[in-house]
Amino acid sequence: METKIPYKIYLEENEIPQAWYNVRADMKNKPAPLLNPGTLEPMTLDELKGVFCEELCRQELDNDTAYFPIPEEIQNFYKMYRPAPLVRAYFLEKALGTPAKIYYKFEGNNTSGSHKLNSAIAQAYYAKKQGLKGVTTETGAGQWGTALSMACSYFGLDCQVFMVKCSYEQKPFRREVMRTYGANVTPSPSMKTEVGKKILAEYPDTTGSLGCAISEAVEAAVTQPGYRYVLGSVLNQVLLHQSIIGLEAKAALDKYGIKPDIIIGCAGGGSNLGGLIAPFMGEKLRGEADYRIIAVEPASCPSLTRGKYAYDFCDTGAICPLAKMYTLGSQFIPSANHAGGLRYHGMSSILSQLYDDGLMEARSVEQTAVFEAAQLFARVEGTLPAPESSHAIRAAIDEALKCKETGEEKTILFGLTGTGYFDLKAYEQFNDKTMIDVIPTDEQIAASLAKLPKADK
Ligand SMILES: *Cc1c(COP(=O)(O)O)cnc(C)c1O
């Protein structure tokens, strides 16, 4: 008799993973190193540690250590909101009439409302341990800024957040959550930094972008003693911390002997997807198991599906190191898409390499289709999903509907990265049927890619 799978699979406290998994250790083709934009040589620890906390630089550069023990203080913080439940989407399966079995890992069960807290607490911990006064960062939709504010207040660190201007205006309540946790929030581009002034002079009407806010936050970090910059996605270290998502999900599935056929995640800078797939990709890389892995990105900002695999700046102001990644060009400013957390021009170097090696797939989806999926999900599974997460829901539903056609009983796992309580402007447009899909033209993408730095050797 088949074991009945509970609606929610929780891990016991003693089953929570105690080490992060570094998928780079099992990659044959390692992700390309960050390059110094001046010399085009790989960034050294010494160069990186002027910008980032030292321990995080070590994690960034380490392509070989498979497991990093999670410090006890971070494990203790994780206990406030972890383990995150793994949910069997029985209600969604029934609504779709699919023979597929759908599971989702829900990361929205904390005040910041997303998975970003998993890395925020780690980054704040290492900053505190190094004796720093504070950290600076950017935030797009606001989830990262909120998560970092929570983590900084826990460790008594100052937190300065540059928030993409259109989100700052669309989501004033996000700002108040950050301020409640003691953070200082500035709409970006701003007149507070030289790079902000320069961007405003060139594009006075810009609604901002993540790449632009990153430039400002980096400048703010390197010009204030006792400050470092922290980043909520894209970097190897962030994917390392986010591996907790995949490790917990895998432990929960293993308890019931469940093996997913398809693993789906939304992809902005790649941290939740990189974290969710990490242990599964490890098995795939070691030849122990096979999984179909699908990255889902917005049609308005399609870095994997329409970008180029090349060295590019991580930021609009071109002051950060160069990363080799699938990119639309650091000058690409996406339309004011509502999935703010997915409006990044590039993609994690780890995921870019895995994608280039054919180890995972990618697809893009349009925002109205995403909100149709979000609405169905909210109505049948109860949780109001974040627009970002709803990209993964869309793809999971599409795969489940394919199973309905073919009669295949595939097992689908997707990452439900967060909740959408601060995205109600977007839901309002969807409900009012005024939401539109904006897709960049080939010419727009080509124009942006023409400005890539010449760094490929
Ligand atoms: C930031 C964010 C994302 C996208 O970021 P990744 O680094 O690609 O994971 C997805 N979902 C939510 C809820 C977010 O806040």
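Rounded, prolate or oblate: pick one for segment 66-133, where a ≥ b ≥ c are the square roots of the eigenvalues of its C-alpha gyration tensor, a/c under 1.5 means rounded, and failing that, prolate if a/b is larger than b/c, else oblate. Kindly include the intermediate steps, with their values, before the conclusion.
Numbers: a/c = 3.73, a/b = 2.81, b/c = 1.33.
Here segment 66-133 falls in the prolate category.
Let me know the shape class of segment 131-198, please: from the alpha-carbon gyration tensor, a ≥ b ≥ c as square roots of the eigenvalues, rounded when a/c is under 1.5, otherwise prolate if a/b is greater than b/c, or oblate. Please report the intermediate quantities before stating the final value.
Values: a/c = 2.48, a/b = 1.26, b/c = 1.97.
Because a/c hits 1.5 or more and a/b fails to exceed b/c, segment 131-198 counts as oblate.
Hey, got the dipole for the chain? About the Cα centre, +1 on K and R Cβ, -1 on D and E Cβ, debye to the nearest 20?
Values: 47 positive and 54 negative charges, 94 e Å.
Around 460 debye, computed over the chain.
With a 10 Å radius around each residue's Cβ, average the other Cβ atoms per peptide and rank 267-273, 437-443, 298-304, 86-92, highest first.
Working: 267-273: 32.1, 437-443: 12.6, 298-304: 25.3, 86-92: 20.7.
Going from most to least packed, we get 267-273, 298-304, 86-92, 437-443.
Please list the helices of the chain that count as membrane-span-like by this rule: a mean Kyte-Doolittle hydropathy of at least 0.0 together with Cα atoms stretching 15 Å or more along the helix axis, each helix being a complete DSSP H run. List each step's numbers first, then the result.
Details: long enough: 117-129 (18 Å, -0.21); 143-155 (18 Å, 0.48); 210-222 (18 Å, 1.40); 236-255 (28 Å, 0.20); 271-285 (19 Å, 0.53); 367-381 (20 Å, 0.39); 387-406 (29 Å, -0.54).
Answer set is 143-155, 210-222, 236-255, 271-285, 367-381.
Taking the alpha-carbon distance from Lys324 and a cut-off under 28 Å, which lysines remain once sequence neighbours fewer than 8 residues away in the same chain are dropped?
Correct list for Lys324: Lys28, Lys30, Lys49, Lys116, Lys165, Lys197, Lys198, Lys284, Lys308, Lys451, Lys454, Lys457.
Mind putting a number on the dipole of segment 323-444 about its Cα centre? Charges go on the C-beta only, +1 for Lys and Arg and -1 for Asp and Glu, and I need it in Debye to the nearest 20.
Details: 10 positive and 18 negative charges, 55 e Å.
Computed charge dipole of segment 323-444: roughly 260 debye.
Pick out, in residue order, every one of the trypsin sites (Lys or Arg not before Pro) in segment 252-320 that is DSSP loop and has at most 10 other C-beta atoms within 10 Å; say none if there are none.
On the way: sites: Lys255, Lys284, Arg286, Arg292, Arg306, Lys308; in loops: Arg286.
Within segment 252-320, the qualifying trypsin sites (Lys or Arg not before Pro) (loop, at most 10 other Cβ atoms within 10 Å) are Arg286.
Only sites in a loop by DSSP and with at most 15 other Cβ atoms within 10 Å count here; which chymotrypsin sites (Phe, Trp or Tyr not before Pro) in segment 380-457 make the cut?
On the way: sites: Phe414, Tyr421, Phe422, Tyr427, Phe430; in loops: Tyr421, Phe422.
Sparse-neighbourhood loop chymotrypsin sites (Phe, Trp or Tyr not before Pro): Tyr421.
Which order do the peptides 165-175, 398-408 come out in when sorted by mean C-beta neighbours inside 10 angstrom, highest first?
Working: 165-175: 20.5, 398-408: 14.7.
The most tightly packed comes first, giving 165-175, 398-408.
Determine the share of segment 250-293's accessible area contributed by carbon and sulfur atoms, expressed in whole percent, with a 1.4 angstrom probe.
Values: 530 of 1250 Å².
Of all accessible area on segment 250-293, carbon and sulfur atoms account for 43 percent.
Would you compute, from DSSP H runs of 4+ residues alone, the mean residue ellipticity of the chain at 222 nm, taking -39500 (n - 2.57) per run and dividing by the full residue count, rounded to the nearest 500? If you can, show how the numbers build up before the last one.
Values: 18 runs with 187 residues, N = 457.
The helix-only estimate for the chain comes to -12000 deg cm²/dmol at 222 nm.
If you wrap a convex hull around the alpha carbons of segment 125-281, what volume per residue comes out, as a whole number of Å³? Don't skip to the answer; put the middle values down first.
Numbers: hull volume 20.5 nm³, N = 157.
Dividing the Cα hull volume of segment 125-281 by its residues yields 131 Å³.
If the cut-off is a Cα-Cα distance under 24 Å, which lysines reach Lys433, setting aside same-chain residues fewer than 8 apart in sequence?
Lys171, Lys425
Taking 2.2 N^0.38 Å as the expected size of a compact globular protein, what ratio does the Cα radius of gyration of the chain give against it, to two decimals? Please report the intermediate quantities before stating the final value.
Details: Rg = 20.4 Å, N = 457, 2.2 N^0.38 = 22.6 Å.
For the chain, the normalised Cα radius of gyration comes out at 0.90.
Charges only on Cβ, +1 for Lys and Arg, -1 for Asp and Glu: so what's the dipole of segment 365-415 about the Cα centre, in debye to the nearest 20?
Details: 5 positive and 9 negative charges, 19 e Å.
Roughly 100 debye for segment 365-415.
Using a 1.4 Å probe on the protein chains only, how many percent of the accessible area of segment 394-457 belongs to carbon and sulfur?
54
Find, among the GluC sites (Glu not before Pro) in segment 1-84, those assigned to loop by DSSP (not H, G, I, E, B) with at most 15 other beta-carbon atoms within 10 angstrom. Numbers along the way, then the final one.
Details: sites: Glu2, Glu12, Glu13, Glu15, Glu47, Glu54, Glu55, Glu60, Glu72, Glu73; in loops: Glu2, Glu12.
For GluC sites (Glu not before Pro) across segment 1-84 that sit outside H, G, I, E and B with at most 15 neighbouring Cβ atoms in 10 Å, the list reads Glu2, Glu12.
What whole-number value in Å² describes the accessible area per residue of the chain for a 1.4 Å probe? If you can, show how the numbers build up before the last one.
Values: 16900 Å² over 457 residues.
On a per-residue basis, 37 Å².
Under the Cβ-under-4.7 Å rule, which cysteines of the chain stay unpaired?
When partners are defined as cysteine Cβ atoms under 4.7 Å apart, the chain leaves Cys53, Cys57, Cys166, Cys212, Cys266, Cys301, Cys403 without one.
Please state the equivalent ellipsoid semi-axes for segment 295-382: what are the square roots of 5 times the Cα gyration tensor eigenvalues, largest first, in whole Å? Present the calculation step by step, with values, prior to reporting the outcome.
Numbers: eigenvalues 138, 51, 19 Å².
Working from the Cα gyration tensor, I get semi-axes of 26, 16, 10 Å.
Roll a 1.4 angstrom probe over the protein heavy atoms and tell me the percent of accessible area of segment 294-355 that is carbon or sulfur. If you can, show how the numbers build up before the last one.
Values: 540 of 1100 Å².
Here it works out to 49 percent.
The values are calculated or read from the model by the stated rules, or taken from the named source; none is laboratory data. Note that the structure is a prediction, hence the values are computed from the model and not measured. Virtual Cβ from ideal backbone geometry, glycine too; neighbours counted across all protein chains shown. These accessible areas exclude ligands, DNA and RNA; they are computed on the full protein's heavy atoms, side chains included. Shrake-Rupley method; radii C 1.70, N 1.55, O 1.52, S 1.80 Å.
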